[in-house]
Amino acid sequence: MGHAKRDAMSFLHSQFNGFTLVELLVVISIISLMMSILLPTLTHAQKQGESLHCLANQRQLTMGWITYATDHENLLCDPEEFTSQLHPYVEDVKEVFLCKGLETTQGEASYGLSNTMGGKSRDTVKPFKVLQHVSNSSRMLVLVDIDPRAKCCFWPLVRNKDHWQWRAWSWPPSQSLQGMTARHRNGCNMSFADGHCEYNRWKDARTLDLIKGHIADPYEASLNNSDLDKMVDHVMSSK
């Protein structure tokens, strides 16, 4: 009887014995490997979600921008004041002007309104003042991601004699019309006068360097730059 009891206790002990150190290290290694595989995927999914949320914000704001014009005899809102002017035309005012891709919520808005849409004449370009006068609406920029420290009026270009170049950052940043950003996977979101929104990836490395402050001279970043050519096409009221 005593032997049987000891055998039973020995069996139970063997069944419920803890992990050895080697087994524990193997388990930790497997978990670490799985985390290293999954984390980039989870991070990418999070960034993708932030970009889609940002596009939804711009879509709602652009619809509000169009509705504002129809309620004001087709007059476009002022890019310097558009955040306050669009408040009655959007839902979730506290969130719709802010992009979730930002680490901080500096400034009143994460989006800038193109100066071409109701702004001032700049660099020989006369802006549209009336919605029905906007030509080529599918390519005419309305809203774009900006650095929230910059002005809400977006005009990233300068006319230098016979060619265009990127505008330099002004100081303080709150007076800057440039405001370009690359917070969504080295690109930005844009909306257009026909109401559609799209993601734009900066293709020229110099554009990213200018945005990140790695290039101080805008002229250096502008020569034969396809991003610049595309932006000119999006903000020119006439060709």
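The values are calculated or read from the model by the stated rules, or taken from the named source; none is laboratory data. Everything quoted here is computed from the prediction, not taken from an experiment. Ideal geometry is used to build each Cβ from the backbone, glycine not excepted, and the neighbour counts take in all protein chains shown.
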Set D147, D92: member being within 13 Å of the chain's Cα centre (by Cα) and either modelled with pLDDT of 95 or more or acidic (D, E) (or both): D147
Subset tally (residues that are of a type outside the set (A, V, I, L, M, F, W, C) and in a loop (DSSP other than H, G, I, E, B)) for the stretch 159-176: 6
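Looking only at the stretch 143-155, which residues are under 17 Å from G118 (Cβ atoms) and assigned to a loop (DSSP other than H, G, I, E, B)? Steps first, please.
At the first step, the residues of the stretch 143-155 found to be under 17 Å from G118 (Cβ atoms) are 143-144, 146, 151-155.
I146, K151, C152, W155 - these are the residues of the stretch 143-155 that are under 17 Å from G118 (Cβ atoms) and assigned to a loop (DSSP other than H, G, I, E, B).
Each row is one residue, and each column tells you yes or no for (1) of a type in the set (S, T, N, Q); (2) exposed (fewer than 13 other Cβ atoms within 10 Å of the Cβ); (3) without any contact (Cβ under 8 Å) to a residue 40 or more places away in the chain; (4) touching a Cys at 6+ places or on another chain (Cβ under 8 Å).
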site	(1), (2), (3), (4)
P79	no, no, no, yes
T83	yes, no, no, yes
E91	no, yes, yes, no
A109	no, no, no, yes
G112	no, no, no, yes
S121	yes, yes, yes, no
T124	yes, yes, yes, no
K129	no, no, no, no
C152	no, no, no, no
Sole exception among (1) of a type in the set (S, T, N, Q); (2) touching a residue at least 24 places away in the same chain (Cβ under 8 Å); (3) in a loop (DSSP other than H, G, I, E, B) for N189, by number: (3)
Complete set of residues in the stretch 76-105 that are assigned to a helix (DSSP H, G or I), in contact with a Gly (Cβ under 9 Å, 6 or more places away or on another chain) and among the hydrophobic types (A, V, I, L, M, F, W, C): F82, V96
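Considering only residues that are in contact (Cβ under 8 Å) with a residue 40 or more places away in the chain and either out of contact with any Phe, Trp or Tyr (no Cβ under 7 Å at 6 or more places or on another chain) or aliphatic (A, V, I, L, M) (or both), look in the stretch 226-237 and name the one that is surrounded by the fewest Cβ atoms within 10 Å (Cβ to Cβ).
D233
Yes or no, residue by residue, for (1) loosely packed, with under 15 Cβ neighbours inside 10 Å; (2) touching a strand residue (DSSP E or B) at 6+ places or on another chain (Cβ under 8 Å):
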position	(1), (2)
Q165	no, yes
L177	no, yes
M180	no, yes
K203	yes, no
R206	no, no
A221	no, yes
Residue check, R159 without any contact (Cβ under 8 Å) to a residue 40 or more places away in the chain, surrounded by 18 or more Cβ atoms within 10 Å (Cβ to Cβ) and not β-branched (V, I, T): no
